[in-house]
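Report on the structure given below.
The values are calculated or read from the model by the stated rules, or taken from the named source; none is laboratory data. As the structure is a prediction and not an experimental result, all values here were calculated from the model. FYI the Cβ positions are ideal-geometry reconstructions off the backbone, even for glycines, and counts take in every protein chain you see. The accessibility values were calculated without ligands, DNA or RNA, using every heavy atom of the protein model including side chains. Shrake-Rupley method; radii C 1.70, N 1.55, O 1.52, S 1.80 Å.
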Amino acid sequence: MRGSDAPPGAEPVARSPARRTSAPGDGATDAAIPLAKPLLGQAEERAVVGVLRSGRLSLGPRVAQFERMFAARVGARHASAVASGTAGLHLALRAVGVGDGDEVLTSPFSFVASANAAIYERARPVFADIDPVTLNLDPRAAAAAVSARTKALLPVHIFGYPADLPAFEQLAQRHRLAIVEDACEALGAVHADGVAVGGRGHPAAFGFYANKQLTTGEGGMIVMADGALKERIDSERNQGRAPDMGWLDHDRLGFNYRLTDIACALGIAQLARLEQMLAARARVAARYREALGEIEELQLPCADAGGNRRGWFVFVVQLPEGADRAEVIRALAERGVQSKPYLPAIHLMSFYRERFGHRSGEFPVCEDVAARSLALPFFPELSEAQIARVAGAMRAALGR
């Protein structure tokens, strides 16, 4: 979900024949419905070919153009294009001063990159439980987890629903903490006060993997209000080179986190029709609500509330209590419907258990949600007929 670091199976899959295992008319089909599919056309092709013909494949004019356009779209002062959303989180945490021995307070219900980024800087990710409705980090649980070593808050706008930034801003002010937003899934989301996710001034990282609202294939963007942070990030994404690009003067530790002009050209073309793609995703989500709403005990993504507006990334349902998720996935696949568990609890992954001693029962809301969540096919061109097929397959899989 952040750059190339997407969950297994999250990548778009070409349509391929699915073996019929049931009798005609029972919902089985020869054409599998993929989990995700990017929306690409002639404009994207022309943009990429134009860069190829220019000969400026990297460190060219498309990078700055994409940055300006993206910053304007989310209402940020500055933006820095980077190789992935993960790279963006890493550079943003470095930029706010996270380092050896610090703690970064974040959500255990996220793609693993949000926690990993803290470990890159020898800091410790500290988790707190999530809100059972929004699935975002619970501000009250986060407040209880703040310690003398907490350096930063890293709220995740999970599945594109805005995290409660006003509450986290109050918490940060009380304890003098930095905020870095994981907005990798949330392009197009808007807070209740009308500010777009990414537009509040904190460093916020977006991701452009192929299943995102906007794609550059791989890639990401950090937005921020502070020009000094942009200067630092622009240097560190490019091996720590000096602002004047002097070859011999690498005045700080840096990384190869650049985004190519080819990718930026693709992003520029995608930005030109972003509103259309966001609207199409919202329409697909609304149709899913109608098609799945009457399936008993199947929990759908929370509706927008209190003025918050989701930027639709994926459509993740929570299966009824006691349902065998592996069996549901198998039954859906038999009917030509791809699905994936979204997302495992980070603290229960083997690396985190072994490194930090995490165990089951620490974050019960997260663990319950993680055990029952399932992502269904979701992309702008998903048709009403395909949605009906998914709903029919789900009813059959659940015996409803």
Using the Karplus curve 6.51 cos²θ - 1.76 cosθ + 1.60 with θ = phi - 60°, what ³J(HN,Hα) values do you get for each residue of segment 289-296, in whole Hz, with x for Gly and Pro? 4, 5, 6, 9, x, 9, 6, 4
Can you give the three extents of the C-alpha atoms in segment 101-151 along their principal axes, from longest to shortest, in whole Å? 32, 25, 9
Which distance in nm do the two modelled labels at Arg252 and Ala167 give, with both placed 7 Å along the Cα-to-Cβ direction? 3.3
Straight-line reach from Lys340: which lysines have Cα under 25 Å away, leaving out those fewer than 8 places along the same chain? Lys37, Lys212
Got a number for carbon plus sulfur as a percent of the chain's accessible area, 1.4 Å probe? 51
Rounded to 10°, Cα long-axis angle of helix 227-236 versus longest principal axis of the chain: 80
Using per-residue counts of other Cβ atoms within 10 Å, averaged over each peptide, order 347-356, 250-259, 70-79, 309-318 from highest down. 309-318, 70-79, 250-259, 347-356
Sorted from largest down, give the three principal axis spans of the alpha carbons of the chain, whole angstrom values. 69, 55, 40
Rounded to the nearest 10 degrees, what's the angle between the helix 85-95 long axis and the longest principal axis of the chain, both from Cα atoms, 0 to 90? 30
Formal net charge of residues neighbouring Arg149 (Cβ-Cβ distance under 12 Å; K, R +1; D, E -1): -1
Can you list the residues of segment 297-323 with backbone N under 15 Å from a point 7 Å past the Cα of Val133, pointing along Cα to Cβ? 300-310
Length released on extending from Ala43 to Ala242, taking residue separation times 0.36 nm less the Cα-Cα span: 68.1 nm
In Å³ and rounded to a whole number, note down the convex hull volume per residue for the Cα atoms of segment 194-335. 191
Pairwise label distance in nanometres, Asp100 with Arg77, each label 7 Å out on the Cα-Cβ vector: 3.2
Taking the Cα atoms only, what angle lies between the long axis of helix 261-272 and the longest principal axis of the chain, rounded to 10 degrees? 60
Per residue accessible area in Å² of segment 56-124, where ligands, DNA and RNA are left out and the probe is 1.4 Å: 33
